[in-house]
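The values are calculated or read from the model by the stated rules, or taken from the named source; none is laboratory data. Here the structure is a predicted model, which is why all the values come from computation and not from measurement. Neighbour counts run over all protein chains shown; Cβ positions are idealised from the backbone, glycine included.
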Amino acid sequence: MQQKTKKILLLLLSTSVITKAYAIDLQPGDVIAPKPGISALQLSYQYSERSDYYSHGEKIAGRPSVSSSIYYARVGHSFEVAQLPAYFYAQTGAGAVHPEGFDSDKGVTDTTLAFAIWPYANRETQTYLGAALYWVLPTGSYDASRAFNMGENRHRTALQIGYETPLFEKLAGMMAFDALWYGDNTDAPIPKRHQTLEQDVLYTAQVGARYDFNQQYSLTGTYYYTFGRETSYNGVDSDNPTRLQRFQASGIGNYSFGRITLQYSRDLKTENGYFEDNRLTLRYTVRF
């Protein structure tokens, strides 16, 4: 009976955990158009903790807490398209997700390809308007018998528009909006193998500010509001749309050997799914 109960819980969890990807979070300075001919390598470590699970705003008892540790590598290059600033990067990673009471899943993540272009980039006034297209490839580890996977077994695409401009001396404001489209996962495990998981478009608005103490150190804060992404299995709606509010704070240090970024974020309110209690990210970026 205990094994049967555990199996049922495992299947129920699959509706939310394997589809945890949310917005395309902009990092501090991402809306600033880079000068052409610059290559960059970014290495990141991200640790996350999720405990309480919510359904229609109500906390659901009996769900296991989940933590994850992931390492990312990103390589990018800046150039020009029709005399407009542009940037391309590829990112992938590896790590593990650790659900309480279940086996951990270790493996590689899905791979993200991104292309950004700036229709407007005024370096004198430090005002920028950029657009980016993302394509997430299903290269990550995936097993339909598991509730917790590193990959999602489906393609995803996103379109994002971002704007940044100075507000006061040493203070700049940023805003962005993105839409994320999901391909179908034709090997979802609910209620049995080879079910088709579909999800509606996910939208996110983010607003942030950056304060530059000097040329070396900066501090940023960002608020995110995410909505949409209701799921269905074989055409049957799950009635679980995403409505999520969260924030992120970042400290940036620029040194002769590269840039160090330390970020902390957590959810503020969620309607459906796991509540992220803490997320800590450490990034190292070097140009060459």
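General observations
- Qualifying positions in region 210-220 - loosely packed, with under 14 Cβ neighbours inside 10 Å and either among the hydrophobic types (A, V, I, L, M, F, W, C) or touching a residue at least 24 places away in the same chain (Cβ under 8 Å) (or both): Phe213, Gln215, Gln216, Tyr217
- All conditions but one from (1) closer than 22 Å to Phe177 by Cα; (2) out of contact with any Asp or Glu (no Cβ under 7 Å at 6 or more places or on another chain); (3) surrounded by 14 or more Cβ atoms within 10 Å (Cβ to Cβ) apply to Tyr264; the one that does not is (3).
- Count of region 61-93 residues, restricted to those that are among the small types (Gly, Ala, Ser) and under 24 Å from Ala132 (Cβ atoms), is 7.
- For Glu100, the criteria (1) without any contact (Cβ under 8 Å) to a residue 24 or more places away in the chain; (2) more than 20 Å from Ser39 (Cα to Cα); (3) of a type outside the set (A, V, I, L, M) hold in every case but one, which is (1).
- Selection count, region 87-107, where residues are in a loop (DSSP other than H, G, I, E, B) and hydrophobic (A, V, I, L, M, F, W, C): 1
- Within region 247-275, tally of residues that are small (Gly, Ala, Ser) and in a loop (DSSP other than H, G, I, E, B): 1
- Criterion violated by His56 - all others in (1) closer than 18 Å to Leu280 by Cβ; (2) surrounded by fewer than 17 Cβ atoms within 10 Å (Cβ to Cβ); (3) modelled with pLDDT under 90 satisfied: (1)
Conditions tested, residue by residue: (1) surrounded by fewer than 14 Cβ atoms within 10 Å (Cβ to Cβ); (2) of a type outside the set (Gly, Ala, Ser); (3) under 23 Å from the mean Cα position of the chain (by Cα); (4) modelled with pLDDT under 95.
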residue: Asn153; (1), (2), (3), (4): no, yes, yes, yes
residue: Gln160; (1), (2), (3), (4): no, yes, yes, no
residue: Thr165; (1), (2), (3), (4): no, yes, no, no
residue: Leu180; (1), (2), (3), (4): no, yes, yes, no
residue: Asn185; (1), (2), (3), (4): no, yes, yes, yes
residue: Pro191; (1), (2), (3), (4): yes, yes, no, yes
residue: Gln199; (1), (2), (3), (4): no, yes, yes, yes
residue: Val207; (1), (2), (3), (4): no, yes, yes, no
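- For region 209-246, filtered to residues that are over 27 Å from Gln27 (Cβ atoms), of a type outside the set (Asp, Glu) and assigned to a strand (DSSP E or B), the residue that is farthest from the chain's Cα centre (by Cα) is Val236.
- Selected residue (criterion: modelled with the lowest pLDDT) from residues of region 223-256 that are of a type in the set (Ser, Thr, Tyr) and closer than 30 Å to Leu282 by Cβ: Thr242
- Hey, Tyr134 without any contact (Cβ under 8 Å) to a residue 60 or more places away in the chain, surrounded by 13 or more Cβ atoms within 10 Å (Cβ to Cβ) and under 18 Å from Arg156 (Cβ atoms) or not: no
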